[in-house]
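> Take this structure, written in structure tokens, and hold onto it; I'll ask about it next.
The values are calculated or read from the model by the stated rules, or taken from the named source; none is laboratory data. Worth saying up front: this structure is predicted, and the values here are computed from it rather than measured. Ideal geometry is used to build each Cβ from the backbone, glycine not excepted, and the neighbour counts take in all protein chains shown. Surface areas here come from the heavy atoms of the whole protein model, side chains and all, with no ligands, DNA or RNA. Shrake-Rupley method; radii C 1.70, N 1.55, O 1.52, S 1.80 Å.
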Amino acid sequence: MQIRESGEDYLETILMIQKRNGQVRSIDICNELGYSKPTISVAMKNFRENGYITMDEDYLITLTEKGRAIAERVYERHVVIANFLSAIGVDEKTALEDACKIEHDLSEETFRCMKEHYEAIKK
């Protein structure tokens, strides 16, 4: 299954909430993204069926290895791109917003070069 940009955003959000709160429920995702409970419920059902998450009897959501790999990749891109944009003078709010737009479509080569350049300039 090819995961879409919105799916990547959901997985990244699950990862971010988990890092922040230690646990994740569907309502947390609703609150974070501003989507309705039915929308999140359908997405989580699809993620469970495709092996990206598990949900226990207390409705706690856990990323599987496959889901975590996607979430970590998107999250790394988000952080690096936002930091890079900030480093070249873009204000923080705009850098964060633009990183969300760029993170899904940037080629691996461009991301790698951007990351290497950012690492070099922050030293």
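> Taking segment 64-74 only, how many residues are touching a Phe, Trp or Tyr at 6+ places or on another chain (Cβ under 7 Å) and either open to solvent by 60 Å² or more (accessible area, probe 1.4 Å) or in a strand (DSSP E or B) (or both)?
So the count comes out to 1.
> Further question on the same structure: Take Val90 and tell me if it is surrounded by fewer than 16 Cβ atoms within 10 Å (Cβ to Cβ) and among the hydrophobic types (A, V, I, L, M, F, W, C).
When the stated conditions are applied, Val90 does not pass them.
> Starting from residues that are among the hydroxyl-bearing types (Ser, Thr, Tyr) and touching a residue at least 12 places away in the same chain (Cβ under 8 Å), keep the ones in segment 27-61 and report whichever is farthest from Arg77 (Cα to Cα).
Ranking the candidates gives Tyr59 first.
> Here is a follow-up. Considering only segment 97-115, state which residues are closer than 22 Å to Ile40 by Cβ and not in a helix (DSSP H, G or I).
Glu103, His104
> Condition test on Thr94, is it part of a strand (DSSP E or B) and free of Cβ contacts under 8 Å to residues at least 12 places away in the same chain?
In short, no.
> Going by the structure shown, is Arg77 in contact (Cβ under 8 Å) with a residue 12 or more places away in the chain, open to solvent by less than 50 Å² (accessible area, probe 1.4 Å) and charged (D, E, K, R)?
yes
> Kindly indicate the residue of segment 9-43 that is open to solvent by 20 Å² or more (accessible area, probe 1.4 Å) and among the acidic types (Asp, Glu) and also nearest to the chain's Cα centre (by Cα) among those meeting that condition.
Asp9
> So, one more: Given the conditions (1) modelled with pLDDT of 95 or more; (2) over 23 Å from Ala99 (Cα atoms); (3) of a type outside the set (Phe, Trp, Tyr), and given that Met1 satisfies all but one, which numbered condition is not satisfied?
The number of the failed condition is (1).
> Quickly run through segment 1-26 and pick out the residues that are of a type in the set (A, V, I, L, M) and without any contact (Cβ under 8 Å) to a residue 24 or more places away in the chain.
Ile17
> In segment 51-63, which residue that is of a type outside the set (A, V, I, L, M, F, W, C) and closer than 24 Å to Cys100 by Cα is most open to solvent (accessible area, probe 1.4 Å)?
Among them, the one singled out is Thr62.
> Applying the selection to segment 9-35, what residues are under 24 Å from Glu103 (Cα atoms) and either in contact with a Cys (Cβ under 7 Å, 6 or more places away or on another chain) or charged (D, E, K, R) (or both)?
Matches in segment 9-35: Asp9, Glu12, Lys19, Arg20, Asp28, Glu32.
> Does Ala87 fit the bill of being touching a residue at least 12 places away in the same chain (Cβ under 8 Å) and farther than 28 Å from Gly51 by Cα?
Judged against the criteria, Ala87 is a match.
> If we scan segment 46-61, do we find a residue that is in a helix (DSSP H, G or I), closer than 23 Å to Arg4 by Cβ and in contact with a Phe, Trp or Tyr (Cβ under 9 Å, 6 or more places away or on another chain)?
Taking every residue of segment 46-61 in turn, at least one turns out to be in a helix (DSSP H, G or I), closer than 23 Å to Arg4 by Cβ and in contact with a Phe, Trp or Tyr (Cβ under 9 Å, 6 or more places away or on another chain).
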